[in-house]
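Q: What follows is a single structure, and I will ask about it in a moment.
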Amino acid sequence: MSEIKILTRENFEETLKSEASLVIDFWAPWCGPCQMMSPVLDEASQELEGNGLIAKLNVDDYPDIASMFKIRSIPTLVYLKGGKVVDQTIGLVGKEELLSKLKN
């Protein structure tokens, strides 16, 4: 079972350097769809078993990092491998789709 990593300015670069597959959830506390996405992320993280990492970045706290990824709507999930963006989804995503994109 993997835990969801909360990204900050201090751990962001280190997390990006991870060789593991990574999905970053760009979200904000006031965003209703973001709140609906949270249980999906929790369930997905329980199924990863070390085969990837799910992280969350609050766009209100770190607008500069969100801007680096050209985030215009939330929730946005950005999928990375070896520190490079390989896919992105905007809006609610089901657990199966999230896991499929993360593992491929």
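The values are calculated or read from the model by the stated rules, or taken from the named source; none is laboratory data. All values reported here derive from a predicted model rather than from experimental measurement. Neighbour counts are summed over all protein chains in view; Cβ atoms, including those assigned to glycine, are modelled from backbone coordinates with ideal geometry.
Q: Restricting attention to segment 73-84, which residues are exposed (fewer than 12 other Cβ atoms within 10 Å of the Cβ) and modelled with pLDDT of 95 or more?
A: S73
Q: Which number in (1) free of Cβ contacts under 8 Å to residues at least 60 places away in the same chain; (2) surrounded by 13 or more Cβ atoms within 10 Å (Cβ to Cβ); (3) more than 14 Å from S2 (Cα to Cα); (4) not hydrophobic (A, V, I, L, M, F, W, C) marks the one condition that K101 misses?
A: (1)
Q: When you look at K95, is it within 15 Å of S2 (Cβ to Cβ), among the charged types (D, E, K, R) and at pLDDT below 95, yes or no? Spell out the reasoning first.
A: On the way: within 15 Å of S2 (Cβ to Cβ): yes; among the charged types (D, E, K, R): yes; at pLDDT below 95: yes.
Against the criterion (within 15 Å of S2 (Cβ to Cβ), among the charged types (D, E, K, R) and at pLDDT below 95), K95 qualifies.
Q: Something else about it: Looking only at segment 85-98, filter to residues that are out of contact with any helix residue (DSSP H, G or I) (no Cβ under 8 Å at 6 or more places or on another chain) and closer than 24 Å to G32 by Cβ; which one of those is surrounded by the most Cβ atoms within 10 Å (Cβ to Cβ)?
A: Looking at the filtered set, the residue picked out is Q88.
Q: Restricted to segment 26-60, and to residues that are closer than 12 Å to E3 by Cα and among the hydrophobic types (A, V, I, L, M, F, W, C), which residue is farthest from the chain's Cα centre (by Cα)?
A: Result: L48.
Q: Just the residues that are hydrophobic (A, V, I, L, M, F, W, C), under 22 Å from V86 (Cα atoms) and either without any contact (Cβ under 8 Å) to a residue 40 or more places away in the chain or in a strand (DSSP E or B) (or both), please, taken from segment 1-60.
A: Across segment 1-60, the qualifying residues are I6, A20, L22, V23, I24, F26, W27, L53, I54, A55, L57, V59.
Q: Suppose we keep only residues that are of a type in the set (D, E) and surrounded by fewer than 17 Cβ atoms within 10 Å (Cβ to Cβ) within segment 1-34. Which one would you say is nearest to R72 (Cα to Cα)?
A: Filtering first and then ranking leaves E13.
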